[in-house]
Amino acid sequence: MSQKNEMPVLVLALLLTVGVLGAGFWWLMPKAGIKLGSQLTTQENTSVDDRISQGERSLVQAESKANNPVFVQAKQAGIQAMAAKQYGEATAQFQLALQSARNAPETAIYLNNAYIGTKRSHTIAVAVPIGSDPNGSLEILRGVAQAQLEFNTIRQAIPLKVVITNDDNNPNTAQQIANTLVEMPDVLGVIGHYASDVTLAAGNVYNAGGLVSISPISSTVKLSGFGKYIFRTVPSDYVAARALADYAIKRLQQKKAVVFFNSQSAYSQSLKAEFVTAIALSGGQVSAEFDLSAPNFSAAQAVNQALKQEAQLLMLAANTGTLDQALQVVQINQRRLSLVGGDDVYAPKTLEVGGTQAEGMVLAVPWHIDGNLKSAFPRQSRQLWGGDVNWRTATAYDATKALAVAIARNPTRSGVQQALTASDFAAAGASEPVRFLPSGDRSVGIQLVKVAPGKRFGSGIDFVPLAW
């Protein structure tokens with residue numbers, strides 16, 4: 001059977017088999033018994049080879065912790081077949097696995113790779129923090145898997161193979177992986193990395209090695225103009241901070257704020273600094289800054305100090321590692337002062353732990369599934385994954401689509417870089433075309449969302465798009 005006839009069959013199979021426990025239920029996974037705890041790959045002495053896979057090993061252990069022996073056995077059989085280069089058997093086993101456990105983007109990527117087999121293909125890599133943030137990694141992998149599937153189906157050209165890597169969100173590990181990817185001549189581009197610190201560390205390697213990387217997550221302003229091989233599909237903290245400051249000053253009529261941040265995070269420091277500047281330029285001020293990572297940090301003392309200083313607004317520039325401390329602030333605040341925050345606060349834990357005390361909080365995120373109702377991506381992602389995806393899936397999808405289009409134009413490393421920077425470059429994204437500025441930043445705006453009553457997920461509250 002020809003590739004042209006086979007690929008729609010694969011699409012139909014995936015659409016029918018990937019179901020209701022998909023990305024839309026990203027905060028229900030722990031409640032469903034899928035534990036997202038420590039991974040085998042968090043060990044510092046794990047070799048780089050064991051952190052890289054096209055299907056010959058499982059990196060996302062969270063998938064196989066579902067209470068589904070059929071999935072576990074089928075996925076393992078598929079992995080063994082891939083390692084033995086028995087691609088027909090691997091395809092059959094991965095399809096069976098997806099039919100049994102419907103929330104497995106790593107398996108979906110392995111299925112796409114198995115289908116390609118020994119056919120001519122182009123290869124990209126994706127770097128995710130599986131050990132430190134397995135749920136975030138799954139969100140990214142969904143975007144990559146969906147874009148890979150769409151490209152391989154619609155283009156009917158040379159298909160795209162995906163290599164998954166696990167950097168555990170560790171700068172040193174990321175540099176080791178980046179060095180390995182640079183030395184793999186088949187790899188034409190990288191989706192990643194996650195934390196801004198990690199992307200900056202790996203970015204030095206990619207620039208030196210002439211390998212394009214597109215981060216779907218990192219937003220620090222330090223990444224702008226970092227090197228001609230470094231791109232991203234999220235707006236920089238400059239854009240997010242100004243949107244939040246503008247909302248605070250113009251909509252809330254509040255000019256006096258305090259900021260909570262993590263001094264150990266490049267992302268958090270970047271967002272904090274940009275917000276302080278934006279508030280000042282708008283005629284307001286930040287009267288105090290609190291380091292969430294300080295050993296003696298006290299949410300109660302910080303909030304009391306903010307109240308004594310007659311602050312009106314609490315700005316949460318927390319990163320994922322200090323989200324717990326930020327949510328302590330939310331609880332103690334008791335909705336007395338207004339709350340705004342960055343995209344790392346957009347997490348299931350914010351709704352679960354923050355509860356009604358988080359209602360009214362406004363966050364700046366790159367994308368929301370209800371932010372552009374004219375886009376086809378929400379419908380397509382719901383059909384594929386059986387639920388709503390979040391911004392990390394959308395920006396990973398955009399990064400993968402951009403790489404795929406650039407590779408189709410000129411399938412060399414330098415050619416990919418030239419394609420991405422061309423004035424006429426555009427790739428269809430989740431809500432709007434993906435285009436890049438000379439700085440490597442994406443030409444795109446920000447979406448403000450508000451924690452408000454909602455019924456979509458049964459929790460009583462939700463993140464909803466904010467129009468003002």
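The values are calculated or read from the model by the stated rules, or taken from the named source; none is laboratory data. If you're wondering where the values come from, they're calculated on a predicted model, not measured in any experiment. Every residue, glycine as well, gets a Cβ built from its backbone with ideal geometry; the counts of neighbours run over all protein chains shown. Please note that ligands, DNA and RNA were not included when accessible areas were found on the heavy atoms of the full protein model with its side chains. Shrake-Rupley method; radii C 1.70, N 1.55, O 1.52, S 1.80 Å.
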Quiz item: Okay, which of region 158-181 sit inside 17 Å, backbone N to the point 7 Å along the Cα-Cβ direction of ALA83?
Solution: 164
Self-check item: Difference of contour (0.36 nm per residue) and Cα-Cα distance, GLU432 to GLN253
Solution: 61.3 nm
Self-check item: Dipole of the chain, positive end: most advanced residue of GLN146, ILE332, ILE164 [Cβ charges, Cα centre]
Solution: GLN146
Quiz item: What's the carbon and sulfur percent of the chain's accessible surface, probe 1.4 angstrom, rounded to a whole number?
Solution: 50 percent
Exercise. Rank by packing, highest mean first: peptides 72-78, 101-107, 141-147, with packing defined as the count of other Cβ atoms within 10 Å averaged across residues.
Key: 141-147, 101-107, 72-78
Quiz item: About its Cα centre, what dipole magnitude does region 206-337 give when the only charges are +1 on Lys and Arg Cβ and -1 on Asp and Glu Cβ, stated in debye to the nearest 20?
Solution: 320 debye
Quiz item: Put a dot 7 Å past each Cα toward the Cβ at GLU352 and THR46; how far apart are the dots in nm?
Solution: 2.1 nm
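For every helix of n ≥ 4 consecutive DSSP H residues, a contribution of -39,500 (n - 2.57) applies; sum these over the chain, divide by its total residues, and give [θ] at 222 nm rounded to the nearest 500 deg cm²/dmol.
-13000 deg cm²/dmol
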Quiz prompt | At R0 = 30 Å, FRET efficiency that the Cβ-Cβ distance of ARG382 and ASP246 yields, to 0.05 | solution = 0.40
Quiz item: Normalised by the number of residues in the chain, what is the relative contact order in percent for Cα pairs under 8 Å and 6+ residues apart?
Solution: 16 percent
Quiz prompt | Cα lying deepest toward the dipole's positive end in region 202-314, options ASN304, VAL259, LEU211, charges on Cβ | solution = LEU211
Quiz prompt | Mean accessible surface per residue for region 98-140, computed with a 1.4 Å probe while every protein chain stays in place, in Å² | solution = 22 Å²
Quiz prompt | Solvent-accessible heavy-atom area per residue, rounded to whole Å², over region 160-296 at 1.4 Å | solution = 34 Å²
Quiz item: Considering only protein heavy atoms, what per residue accessible area in square angstrom results for region 301-380 with a 1.4 angstrom probe?
Solution: 39 Å²
Practice problem: Using the Cα centre as the reference, give the magnitude of the dipole from point charges on the C-beta atoms of the chain (Lys, Arg: +1; Asp, Glu: -1; all else neutral), rounded to the nearest 20 debye. | Solution: 960 debye
Quiz item: Which whole-number percent is the relative contact order of region 376-468 (Cα, under 8 Å, 6+ apart)?
Solution: 18 percent
Quiz item: Where the only charges are on Cβ atoms (+1 Lys, Arg; -1 Asp, Glu), what is the dipole of region 285-355 about its Cα centre, to the nearest 20 debye?
Solution: 280 debye
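Round to the nearest 0.05 the FRET efficiency obtained for GLN309 and ALA157 when R0 = 45 Å and r is the Cβ-Cβ distance. It would help to have the intermediate numbers written out before the result.
On the way: r = 61 Å, r/R0 = 1.35.
In this case the efficiency is close to 0.15.
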Self-check item: Estimated FRET transfer efficiency when R0 is 25 angstrom, pair GLN334-ASP370 (beta carbons, to 0.05)
Solution: 0.30
Quiz item: Which helices count as membrane-span-like in the chain under these terms: full DSSP H, at least 18 Å along the axis by C-alpha, Kyte-Doolittle mean of -1.0 or more?
Solution: 3-17, 69-83, 87-100, 134-154, 196-209, 266-281, 391-409
